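Here the structure comes first, spelled out in structure tokens, and everything after it is commentary.
The values are calculated or read from the model by the stated rules, or taken from the named source; none is laboratory data. Nothing here was measured: the structure is a model prediction, and the numbers come from that model. Cβ sites come from the backbone with ideal geometry, for glycine too, and all protein chains shown count toward neighbours. Just so you know, the surface numbers come from the protein's heavy atoms only, side chains and all, with ligands and any DNA or RNA stripped out. Shrake-Rupley method; radii C 1.70, N 1.55, O 1.52, S 1.80 Å.
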Amino acid sequence: MELTERDLIRNCQKGDSAAYEELTAKYYRRVLMVILGIVHHREDAMEVAQETFYKGFRNIKSFQGGSSFYTWIYRIAVNLAIDFQRRQKRAVADSRENMDDVVVASESLGTDPYRELRDRELGERLLAAIDELTPDHKAVILMRAVEGLSYKEIGRIMGCSEGTVMSRLHYARKKLQEKLGPDL
Amino acid sequence: MSDCDRIQEWLGAWLDGELPQARSAEVKLHVEKCAACAAEKVRIQRLDAALKRALEARVSDAAFAPFWAGVRERIAQEKSPRQRVFDWMRRGVAFPRIAWGVPVAAVVLIALFSTIRPSGWFVPSNQASVESIDGHGFNVALLREAKTKTTVIWLFENQETEDENPVEPAASEQAF
Amino acid sequence: MRIPSSLRRASKLFSLWLIFAAPLGAAEHPAVPVQLKIGTILATNQAECLDSQLAKLKQQLEVVKYRCYRLIREESKKSSWDTNTVFEIPGGRSLVVMPYEFRNARVALKVRLLEGEKPIVDTTVRFPNKGNFLLGGPAHEGGVLILSISAAAQ
């Protein structure tokens with residue numbers, strides 16, 4: 001019988017690491033995406049994402065179920081990523097170089113190679129542009145555009161009002177549109 | 001501020017479904033009539049979609065096994081509950097009155113851990129877990145999809161690496 | 001310090017339990033052989049198709065995003081534990097599978113895919129009894145091969 005997410009969380013709270021492995025398998029890519037958008041550097045993103053899930057495991061007993069698990073784990077992820085980004089003094093050029101190294105495995109699995117190439121070019125410019133935003137602006141647009149979280153959920157994660165989320169999003173989108181110009 | 005400037009301030013929130021009903025209706029009506037604002041709406045949609053695609057592409061090769069290994073390593077660095085019990089018992093030895101409890105507790109714990117398998121840390125997952133992969137001259141990706149409980153090990157031919165590694169003959173009956 | 005006699009008796013009982021019960025819990029796999037089943041599937045991007053014999057695997061196969069899936073070989077063998085069993089795979093390849101552990105209703109397999117004598121991949125996978133995993137990627141007849149590897153231990 002397939003366990004529901006609530007069952008998995010309950011098992012995790014009893015110390016079941018296999019249940020936590022399942023939850024991690026379900027969300028690690030989505031969490032990694034948002035972190036990668038904030039910290040930009042691939043290895044740093046992996047490190048922060050692993051730390052996120054480790055902290056999640058340690059604190060799972062305090063998870064009350066008032067929000068969904070992914071909102072809860074996102075809060076940990078975004079806070080860690082923003083802290084990390086603020087601490088980092090890494091040169092932007094270095095970060096970009098590392099982003100280019102990534103091998104995209106799924107491209108080889110039966111998808112249209114021309115679309116992938118076009119998307120990849122735009123994606124690279126977009127990720128370079130997003131790196132020039134502040135961590136707070138990055139986090140807000142990533143949580144909305146990538147995850148589709150509501151302003152309320154984003155506000156809860158970021159510890160700010162829905163109005164602040166709205167104005168940060170407006171600013172971030174405007175900046176990215178300016179950077180990308182007619183390519184968009 | 002022109003009508004268009006005002007509407008474009010709200011366009012993003014409107015697309016996100018976050019505007020109050022009355023304002024949402026106002027934006028919708030304007031966008032239906034105004035070509036410039038309709039184009040701006042499409043640009044926002046494209047931006048969000050491109051951002052999502054770009055990040056999805058960059059994490060698609062992030063295999064679960066090494067990721068989980070990193071998390072598990074961090075968890076393992078913490079003291080296990082069993083270790084904490086033993087530490088507590090060791091502290092107990094310092095008090096002569098409860099010293100006799102140490103061997104009894106040890107017997108209980110060992111017996112419990114050796115007979116009660118499917119509990120606590122040992123509860124099985126309902127998906128395959130890959131414990132090791134060694135691609136001989138091939139890039140290997142691990143895909144895991146929780147909904148369908150699918151685990152895929154995928155091999156990508158990598159000519160450069162392949163050429164660097166001499167062929168390693170292996171007897172088929174050799175235990176590996 | 002003097003240990004109360006009731007506690008001494010309890011300790012003896014626990015020791016007996018330990019001696020007799022622990023070996024039962026330590027068994028790593030059942031005495032019966034394990035049934036291994038390998039389905040070899042050819043995945044291509046030709047017109048959309050799904051072999052009717054692959055209906056049960058449809059959702060799993062969709063993960064790899066090809067358009068057409070055909071079952072080109074299926075082989076089932078009984079294997080003893082800790083013993084290699086060889087399956088022939090199209091294109092001069094072979095798959096060596098060694099079941100080595102059964103714990104918590106999960107089977108652990110060591111799997112090696114070879115092309116001729118050359119190993120392509122070695123992996124160790126643990127999955128629920130009667131479950132499966134997919135191993136794919138080798139090129140074959142304009143597409144790629146996907147192997148569905150399953151095991152039933154009881």
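Here, P(r) means the percent of Cα pairs in each 5 Å bin from 0 to the largest distance; for the range C:34-152 it is 2, 11, 23, 23, 20, 13, 6, 1, 0. Full extension of the chain between B:R6 and B:E131 gives 39.3 nm of extra length, using 0.36 nm per residue less the Cα-Cα distance.
Using Cβ point charges alone (K and R +1, D and E -1), the dipole size of the range A:27-71 about the Cα centre works out to roughly 240 debye. Partner shielding of C:128-141 amounts to 5, given as the average count of beta-carbon atoms from other chains within 10 Å of each residue beta-carbon.
Under 12 Å from a point placed 7 Å out from the Cα of C:K56 along the Cα-to-Cβ direction: which residues of the range C:127-144 have their backbone N that close? The answer is C:130-132, whose backbone nitrogens lie closer than 12 Å to the label point.
Filter the trypsin sites (Lys or Arg not before Pro) in the range A:1-93 down to the DSSP loop ones having no more than 14 other Cβ atoms within 10 Å, then list what survives.
Numbers: sites: A:R6, A:R10, A:K14, A:K26, A:R29, A:R30, A:R42, A:K55, A:R58, A:K61, A:R75, A:R86, A:R87, A:K89, A:R90; in loops: A:K14, A:K89, A:R90.
Those satisfying the criteria are A:K14, A:K89, A:R90.
Note on C:Q35 and A:S68: with the Förster distance fixed at 41 Å, the Cβ-Cβ geometry gives a FRET efficiency of about 0.55.
Test of understanding: extend the Cα→C-beta vector of A:T164 to 7 Å, then name every residue of the range A:33-50 with backbone N under 11 Å from that spot. Counting only backbone N, you get no residues. Computed from protein heavy atoms with a 1.4 Å probe, the total accessible area buried between B and A is close to 5400 Å².
With a Förster radius of 25 Å applied to the C-beta separation of C:R103 and C:I72, the computed FRET efficiency comes to 0.15. Using protein heavy atoms only (no ligands, DNA or RNA), what is the total accessible area buried between B and C, 1.4 Å probe, nearest 100 Å²? Counting both chains, the buried surface is close to 4300 Å².
Basic side chains Lys and Arg get +1 at the Cβ, acidic Asp and Glu get -1 at the Cβ, and with that the dipole of the range B:3-59 about its Cα centre reaches some 260 debye. Other residues within the sphere of radius under 13 Å centred on the Cβ of B:E131, judged by their own Cβ, net out at +1 (K and R +1, D and E -1).
Among all the lysines, which ones have a C-alpha under 30 Å from A:K179's C-alpha, if same-chain residues fewer than 8 places away are not counted? In chain and number order, the partners are A:K89, A:K138, A:K152, B:K28, B:K33, B:K41, B:K52.
Under a 5 Å amide H cut-off, with hydrogens placed 1.01 Å from N, C:V121 pairs with B:H136, C:L113 among residues at least 5 apart or on other chains. Amide H contacts of C:L50: C:Y69, each under 5 Å away and 5 or more positions distant or on a separate chain (H built 1.01 Å from N in the peptide plane; Pro and chain starts excluded).
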